[in-house]
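The values are calculated or read from the model by the stated rules, or taken from the named source; none is laboratory data. As the structure is a prediction and not an experimental result, all values here were calculated from the model. Here the Cβ is made from the backbone with ideal geometry for all residues, glycine too, and neighbour counts use every protein chain on show. Accessible surface is based on the protein model in full, side chains and every heavy atom, while ligands, DNA and RNA are left aside. Shrake-Rupley method; radii C 1.70, N 1.55, O 1.52, S 1.80 Å.
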Amino acid sequence: MRFTIAVLLCLALWPATLSAGAWPRGKGAHFLSVTGRVVGAEDGSWTQSYTLFHEYGLTDRLTLSTDFGGAISGLEKLVSYVSVPMGERLGFRLALDMGAGKVAGEWVLRPGLSFGRGLERPSGWIAGELAAEVFAGTGAVDWKFDLTLGLSPGRRAKYYMQLQSGQRAGDPAFARLAGSLAWKIRDGTWLDIGGSVGLANSDPYRLKLGIWREF
């Protein structure tokens, strides 16, 4: 228990709103998030990981994203990609992603597709992100799909749930159910606290603590 509390306190010191996804970030705008996770195993042991995510609005339409930390396979990565809006279909905004980088020292291509729409009653949003990491040397493909339902009942709090799924090449597909609370601690800065439980072929539970910053 003391170890768990210590880890969570350390994560709280890492400086991070939700990524833009299907919505362009806007020319000159930045979004930065740093997130720490502790992952519980079946034997009661814990591991920890950190991810850094940065978005920058190249133009009013194009958003450049950089993802540093854990990959779909759980290995370290540094990948950048550009998101291009593709209009609306059935009331959902669409955006295509294309980028490249390295995962565990190997070059990968990173295609993706994001979609989303805002909700009025209740105030909130629905969003989805499908992405792949294609290893150039072997042709192996890791993929993920996250589906998010979020609510914004007030100016200081956001609640959201995610169905997180994916697959590492050669392994069975996994699924997790996650819930989070984002609390506004000052203008442009939000504290993000959450956790997840494994549904299939995943760690039994995870805890998350991060900070978002828009500027």
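Miscellaneous remarks
- Distance between modelled label sites at residue 76 and residue 214, nm, 7 Å Cα→Cβ extension: 3.2
- Our summary gives region 19-214 a relative contact order of 17 percent, counting only alpha carbon pairs under 8 angstrom and 6 or more residues apart.
- Radius of gyration over Kirkwood radius for the chain, both on Cα atoms: the Rg/Rh ratio is 0.95.
- With the simple spin-label model, which puts each label point 7 Å out from Cα in the Cβ direction, the residue 47 to residue 120 separation comes to 4.7 nm.
- Whole-number accessible area per residue in Å² for region 89-173, which is evaluated in the context of all protein chains at 1.4 Å: 58
- Of all lysines in the structure, those lying under 18 Å Cα to Cα from residue 77, and not within fewer than 8 positions of it along the same chain, are 102, 144.
- Within a straight-line Cα-Cα reach of under 19 Å, residue 184 can be paired with the following lysines, leaving aside sequence neighbours fewer than 8 residues apart in one chain: 158, 208.
- Positive-end residue, region 19-214 charge dipole about Cα centroid, Cβ charges, pick of 109, 85, 196: 85
- Under Karplus coefficients 6.51, -1.76 and 1.60, residue-wise ³J(HN,Hα) of region 139-152 in Hz, glycine/proline x: x, 5, 10, 9, 9, 9, 9, 10, 10, 10, 10, x, 10, 10
- Only protein atoms count toward the accessible area here, which uses a 1.4 Å probe; on the chain, the carbon and sulfur part of that area reaches 62 percent.
- Computing FRET efficiency as 1/(1 + (r/R0)^6) for residue 185 and residue 86, where r is the C-beta to C-beta distance and R0 is 30 Å, gives about 0.30.
- Think of each Lys and Arg Cβ as +1 and each Asp and Glu Cβ as -1; about the Cα centre, that makes the dipole of the chain roughly 700 debye.
- Region 65-134 - Debye-derived log10 I(q)/I(0), Cα point model, q = 0.18 Å⁻¹: -0.72
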